[in-house]
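S.K.: One structure follows; several queries about it will come next.
Derivation of every value follows stated rules applied to the coordinates shown; laboratory data play no part. Quantities reported herein were computed from a predicted structural model and do not represent experimental measurements. Virtual Cβ from ideal backbone geometry, glycine too; neighbours counted across all protein chains shown.
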Ligand code: A3P
Ligand code: MG
Ligand code: MG
């Protein structure tokens with residue numbers, strides 16, 4: 001077993017390691033039935049919702065995605081494979097993974113409570129990382145078994161509020177190409193979280209080159225024709241209205257995840273819909289992703305430090321590159337509240353279910 005020390009985190013303080021602006025190299029969609037499509041059909045456009053909207057409306061008819069199946073890296077690898085076919089060149093990277101895995105890693109220095117478990121393998125110079133699905137399911141079970149605050153909303157209802165907020169903030173096309181009727185009746189749309197647009201980006205943290213896939217909620221205007229121009233992505237979030245210093249502290253902790261999630265894919269703007277305790281939308285706040293760490297520092301509560309997260313990630317990824325240098329299935333694990341991350345081998349050879357047979361076959365003949 002190899003051990004990476006998370007603590008003391010202060011050794012990662014200071015100005016940040018080199019980072020590369022994430023650039024989209026490919027994308028895919030899941031349609032309204034969650035069927036994979038190699039296109040941008042589920043791309044959505046942002047248009048502000050009406051204040052006073054009831055985010056609980058339509059909860060009974062929520063078309064909720066069953067995400068209990070383990071999808072591994074399948075959609076991401078399919079998209080990379082197709083992009084390699086199209087460009088004729090191999091997608092070189094030190095790491096290929098979902099954005100969610102990178103978010104967990106990057107938040108580690110300031111998340112002393114949650115653990116994580118991932119599987120990794122090494123193939124043609126790249127470390128591929130997926131979530132350990134059993135671990136995720138077990139965590140969900142635990143969350144579900146916790147009773148809601150007395151008289152408070154259930155976890156399921158709160159989760160619905162997030163999707164409802166998306167539904168009333170998005171358009172299927174640009175504003176000028178969408179009918180007034182649609183815009184005015186968005187509050188009556190059936191909430192369906194099957195559809196997703198996922199961006200696959202190339203980025204860099206320290207000396208590591210990464211290819212990351214993740215969902216983006218919407219675009220502010222539209223995707224530029226020129227592929228070198230940055231895309232004005234928008235991330236939508238809901239949060240409970242801030243009434244006290246304690247609420248402010250809680251919100252700052254949430255901002256850590258908001259920031260990391262958007263930073264990794266190069267999403268420049270986050271729209272927060274503040275709601276009251278009954279799920280009524282009160283106001284919107286537009287946050288520039290870039291400014292979040294600076295503003296958190298300015299407020300002086302010192303709950304987290306963005307540069308430290310970047311430096312931690314740069315060091316950890318360097319260490320992973322030294323540690324995972326052969327095929328087989330590796331486990332990357334941080335136990336809850338643990339001061340270390342452990343890496344050990346579960347299977348001696350092969351790629352487990354991390355890599356699809358199609359992807360391995362394609363690469364072997366490439
Ligand atoms: P909020 O973030 O506004 O609560 P994302 O913000 O990543 O685009 O996710 C959209 C919504 O999915 C979230 O909206 C939340 O409602 C729901 N969601 C995301 N992760 C979740 C989780 N781990 N458990 C429950 N709901 C989740
Ligand atoms: Mg989303
Ligand atoms: Mg969102």
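S.K.: What translational diffusion coefficient, to the nearest whole µm²/s, does the chain have by Stokes-Einstein, given a Kirkwood radius computed over alpha-carbon pairs, a temperature of 25 °C and 0.890 mPa s viscosity?
M.R.: Calculated translational D: 113 µm²/s.
S.K.: Could you state the number of Å between the C-alpha centres of region 293-340 and region 217-250?
M.R.: Result: 23 Å between the Cα centres.
S.K.: Give the shape of region 1-158 as rounded, prolate or oblate, defined through the alpha-carbon gyration tensor: a ≥ b ≥ c are the square roots of its eigenvalues, a/c under 1.5 means rounded, and otherwise the shape is prolate if a/b is larger than b/c and oblate if not.
M.R.: The shape class here is oblate.
S.K.: So the label point goes 7 Å from the Cα of residue 78 along Cα→C-beta, right? Which residues of region 215-234 then have their backbone N under 19 Å from it?
M.R.: Of the residues in region 215-234, 215-216 have backbone N under 19 Å from the label point off residue 78.
S.K.: Further, regarding this structure: Listing 51, 142 from the residue with the fewest other Cβ atoms within 10 Å to the one with the most, what is the order?
M.R.: Arranged by neighbour count, lowest to highest, 51, 142 become 142, 51.
S.K.: Continuing with the same structure: Compute the Cα gyration tensor for region 151-289, then decide on rounded, prolate or oblate, letting a ≥ b ≥ c be the square roots of its eigenvalues: rounded whenever a/c is under 1.5, prolate when a/b is larger than b/c in the other cases, and oblate in all that remain.
M.R.: Values: a/c = 1.99, a/b = 1.17, b/c = 1.71.
Oblate.
S.K.: Run through the DSSP bridge list for region 20-163 and note the antiparallel percent, rounded to the nearest 5.
M.R.: On the way: 8 of 11 bridges.
Bridges in region 20-163 are about 75 percent antiparallel.
S.K.: Using the count of nearby Cβ atoms within 10 Å as a rough guide to exposure, how do 158, 1 rank from fewest to most?
M.R.: Starting with the residue having the fewest Cβ neighbours, the order is 1, 158.
S.K.: If each DSSP helix of 4+ residues adds -39,500 (n - 2.57) and the sum is divided by the residues in the chain, what number results at 222 nm, nearest 500 deg cm²/dmol?
M.R.: Mean residue ellipticity, 222 nm, calculated: -9500 deg cm²/dmol.
S.K.: I'd like the antiparallel share, as a percent to the nearest 5, of DSSP beta bridges with both residues in the chain. Working shown, then result.
M.R.: Numbers: 51 of 67 bridges.
Roughly 75 percent of the DSSP beta bridges within the chain come out antiparallel.
S.K.: Next up: Would you mind classifying region 69-174 by shape? Square roots of the alpha carbon gyration tensor eigenvalues, ordered a ≥ b ≥ c; an a/c under 1.5 is rounded, otherwise it is prolate if a/b is larger than b/c and oblate if not.
M.R.: The shape class here is oblate.
S.K.: Report the full-extension gain for the segment residue 140 to residue 299: residue separation times 0.36 nm, less the Cα-Cα distance, to one decimal in nm.
M.R.: Contour length minus the Cα-Cα distance gives 53.9 nm.
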